[in-house]
Amino acid sequence: MSTRAIIKELIQRLYDESIRNGFNFQVSEYDSSGRNYFVAEDGTFLGTLSGVYDARSIFNRFGSYGSKYSTTSIFNPFSQYGSKYSPQSPVSRFAATPPKIFINNQYFGRLTANKFAPDAKPVDVFLFYVLQQMGLLDDRMDDLIELISRI
């Protein structure tokens, strides 16, 4: 079994456990309404949970919010929003102020690897869930693995 397959299986187990514990909401690859998004504690918009062609989507590898080279991307390991050392990053285990998640324009929690953060939504499980709901899991699994490898 490949490393990718093992990681996918482990995240799937975490995801299944979260669903049993009531973690549930709907997102769609075709929802470009901008109702599902992330915002940093400092007020910086960090992208929507929409399709790969939406310029504002975190899943658009070439956009401002999905590129691993963008300063406003959680996928950039050198940005304040993607570094494992930043208090505003979802992959920092010690982040005091990780990004806020909004689902249908309503506050949903914080995207974080910090288990002790108020309203914590685990970054691996949350993004796995979103990618699976949107039908993008196979296309973006490598991005997810790279992101959570920094935790």
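Rule-based calculations on the coordinates, nothing more; no lab input. None of the values given here were measured: they were computed from a predicted structure. We place every Cβ from the backbone using ideal geometry, glycine too, and count neighbours over all the protein chains shown.
Rank 45, 97, 130 by how far each Cα sits towards the positive end of the charge dipole of region 3-148 (+1 on Lys, Arg Cβ; -1 on Asp, Glu Cβ) and give me just the farthest.
Ranked along the dipole, the leading option is 97.
Pop the C-beta distance of residue 1 and residue 116 into the FRET formula with R0 = 41 Å and round what comes out to the nearest 0.05. Spell out each step's value before the answer.
On the way: r = 33 Å, r/R0 = 0.79.
Computed FRET efficiency for residue 1 and residue 116: 0.80.
Just from its helices, what would the mean residue ellipticity at 222 nm be for the chain, if runs of 4 or more DSSP H residues each count -39500 (n - 2.57) and the sum is divided by every residue, rounded to the nearest 500 deg cm²/dmol? Mind showing how you got there, number by number?
On the way: 3 runs with 42 residues, N = 151.
Rounded to the nearest 500, it is -9000 deg cm²/dmol.
Round to the nearest 0.05 the FRET efficiency obtained for residue 53 and residue 9 when R0 = 30 Å and r is the Cβ-Cβ distance.
Values: r = 29 Å, r/R0 = 0.98.
E(calc), rounded to 0.05, equals 0.55.
Given the peptides 140-146, 90-96, 44-50, arrange them by the average over their residues of other C-beta atoms within 10 Å, most packed first.
Working: 140-146: 16.1, 90-96: 21.1, 44-50: 22.9.
Top of the packing list down: 44-50, 90-96, 140-146.
If you put +1 on each Lys and Arg Cβ and -1 on each Asp and Glu Cβ, how big is the dipole of region 16-151 around its Cα centre, in Debye rounded to 20?
Dipole magnitude for region 16-151 comes out near 380 debye.
Want the number for residue 85 to residue 133: 0.36 nm per residue separation, take away the alpha-carbon distance, what's left?
On the way: separation 48, 0.36 × 48 = 17.28 nm, distance 2.97 nm.
Going from the current span to full extension adds 14.3 nm.
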